[in-house]
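**Q** First the structure, which I've put down as structure tokens, then a few questions once you've had a look.
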Amino acid sequence: MSTPAIPDFSDPETFERAMPHESLAWLRANEPIYWQRAKSGARPVGMDDWPEARGFWLVTRYDDLQTISRDQATFSSERGTTVVRDISPDLLDRLRIWMINQDHPRHTRLRKLINAGFTPRMIQRMEQHIRDLTRSVVDGVARRGTCDFVADVAAELPLLVIAELVGAPVEDRAKLFDWSNRLIGFEDPDLQGPTGQQDTMLEMFEYAGALAKLRRDDPREDLTSVLVNAEVDGEKLDELGFNMFFILLILAGNETTRNAISGGMLALSEHPDQKQRLVSDRDLLPTATDEILRFVSPVIYMRRTATRDVTLRGQKIAENDKVVLCYPAANRDPAIFSPPDAFDVTRDPNPHVAFGYGPHYCLGANLARMEIQCIFDELLRRLPDIEVAGPVRRLRSTVVNSVKSLPVRFTPEG
Ligand code: HEM
């Protein structure tokens, strides 16, 4: 393999152009623990008087991603959070209220509590809702013949599902959509709203507080009602804990699933033979869903911080160094997936790590799978010739592998 140009993996523009699979493949084979220097002069967010941003170790092999994800004692989610950028100490404290930014034992306790609301029964109960919501999303475009797949299809469903899950009224979904865009799209100038991230968090916080109060007084069959009233080992989720979890849900469950759906549409369009197989045999939807997740890898990075000096694959990593797990790279590791770059809707087994691995394994994995399956089931049944029909615009982000707009065309329903 000739050495490709190695881009700056800390720069969101790198991912706006395209996922740099060729460079990632080279690193995986030749420098699996790669030092990404910080851009000279770059400062952490909102910290102009802070020392320069630090570089990070980029991890591209599947085995290493698993080893690191499993070992919370050495590779902490809590010490520096899972966000790659350096963040100010007061923001650090607030972000550590999220389970995703905690280690054992805090994480274990909180996860147990949250699990009370994510039971298989709860998720199963969502299935009929998801089918109904999917139908209404496809109804919205089916007679038009063209649409923007991201705005009109992929963005709609996850938001409706989360609104349903937490029990937020459907008429509030535009508000939820706008908040989640402002929080995740912070690196993309197109999506930066008039207020900063902190103001957005505050607005969401107040909204969550009001919803929790409603459900404390008048519980219903939704996740909010379960969470505000759940007690595990004598512990309850306090108000701050619930409000922060609400924000985490909107963030973790919305953009990611949207990107899996739009990335899946793109992959199917670029691989017409695979799309045809799925159109003629929708029993392949379960394996196709996992292949979409592997191939797209909606989450680009999650960070850990070394809690001690450690050597990994001969590379010395110093205490407090940032160690960044690269999911799109691990999901195309030829040691595990053969052939790794092929999109194969029948791939089985498919032990991808798109949902992470170990103690922080995605809490919404089954919900997300159900959404992806339902939407492609409905789309391929009703609009089987749907295909990409115009330029794809990608998000400028180092967090999510995201398509911002995806024009599609199809024979309209009569
Ligand atoms: C295709 C869609 C999704 C992808 C690719 C995805 C990916 C991930 C990944 C990679 C992690 C692991 C983070 C780490 O190890 O540091 C994670 C954790 C998490 N995800 Fe997802 N996710 C998706 C959908 C969802 C949905 C629908 C929800 C909720 C409704 C959700 C809620 C969470 C939560 C709460 C965590 C933190 C779990 C913990 O810290 O123990 N995710 N997700």
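**Q** I need the peptides 216-224, 260-268, 303-311 ranked by packing, meaning the mean over residues of other C-beta atoms within 10 angstrom, with the highest value on top.
**A** Descending packing order for the listed peptides: 260-268, 303-311, 216-224.
**Q** Tell me, what is the percent relative contact order of the chain, built from C-alpha pairs under 8 Å that lie six or more residues apart?
**A** Averaging sequence separation for qualifying contacts and normalising by length gives 25 percent for the chain.
**Q** Right, next: Divide by every residue of the chain the summed helix terms, -39500 (n - 2.57) for each DSSP H run of at least 4, and state the resulting mean residue ellipticity at 222 nm, rounded to the nearest 500 deg cm²/dmol.
**A** -14500 deg cm²/dmol
**Q** Same structure again: Listed highest first by mean packing, meaning other Cβ atoms within 10 Å per residue, what order do 332-338, 241-247, 172-178, 350-356 come in?
**A** Final packing ranking: 241-247, 350-356, 332-338, 172-178.
**Q** Rg and Dmax of the chain over Cα atoms: what are they, in angstrom?
**A** 21.0, 65
**Q** Suppose every K and R has +1 on its Cβ and every D and E has -1 on its Cβ; what is the size of the dipole of the chain about the Cα centre, in Debye to the nearest 20?
**A** 520 debye
**Q** Right, something else. Listed here are the pairs LYS236/LYS322; LYS112/LYS322; LYS112/LYS175; LYS39/LYS322; LYS175/LYS213; which of them are more than 21 Å apart at the Cα?
**A** From LYS236/LYS322; LYS112/LYS322; LYS112/LYS175; LYS39/LYS322; LYS175/LYS213, over 21 Å: LYS236/LYS322; LYS112/LYS322; LYS112/LYS175.
**Q** What order, most packed first, do the peptides 363-372, 286-295 have when packing is the mean number of other Cβ atoms within 10 Å of each residue?
**A** Most protected by this proxy first, the peptides run 286-295, 363-372.
**Q** List LYS316, LYS404 from most exposed to least, where exposure is judged by having the fewest other Cβ atoms within 10 Å.
**A** LYS316, LYS404
**Q** Continuing with the same structure: Kindly put VAL161, VAL170, VAL232 in sequence by how many other C-beta atoms sit within 10 Å of each C-beta, fewest to most.
**A** Sorted ascending by nearby Cβ count, the order is VAL170, VAL232, VAL161.
**Q** Give the cross-link partners of LYS275 among the lysines, using a straight C-alpha distance below 25 Å as the criterion and excluding same-chain residues fewer than 8 apart.
**A** LYS404
Rule-based calculations on the coordinates, nothing more; no lab input. In this text the structure is predicted, and so the values were computed from the model without any measurement. All Cβ positions, even for glycine, are placed from backbone atoms using ideal geometry, and neighbour counts span all protein chains on display.
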